[in-house]
Amino acid sequence: MMRLNLVLLIAVIASALYLVRTQYESRRLYAEVDRARNEARKLETEHERLQVEKRSQATPARVERLAKEQLQMRSPTPAITQYVNAGAAVRQGAATGSGAAP
């Protein structure tokens, strides 16, 4: 009888230790999941902020201003615009012998 009680006592202690370990692991994993969710929320917020910044950087007015300031570009005017007639360009190329086949 004493041997059976000793075996049962060892089984109860082992079961209790296993339960404590399992609860500890469960809490640790829950905390890790919670940290990962918080990090995901932070990354999502940062991504949204960067998308808004990207859209604001690509506005037509800003692109035009940067083209004028940094690239010294200017808006096209009729005085500097050259219109090319496709039929005339083909005929001129054929007359000089360097044009592509029509």
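The values are calculated or read from the model by the stated rules, or taken from the named source; none is laboratory data. In this text the structure is predicted, and so the values were computed from the model without any measurement. Heads up, the Cβs are rebuilt from the backbone with ideal geometry, glycines too, and the neighbour counts pull from every protein chain shown.
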Got at least one residue in the range 15-38 being hydroxyl-bearing (S, T, Y), at pLDDT below 95 and surrounded by 10 or more Cβ atoms within 10 Å (Cβ to Cβ)?
-> no
Breaking point among (1) under 30 Å from S75 (Cβ atoms); (2) of a type in the set (A, V, I, L, M, F, W, C); (3) at pLDDT 95 or above, for L50 = (1)
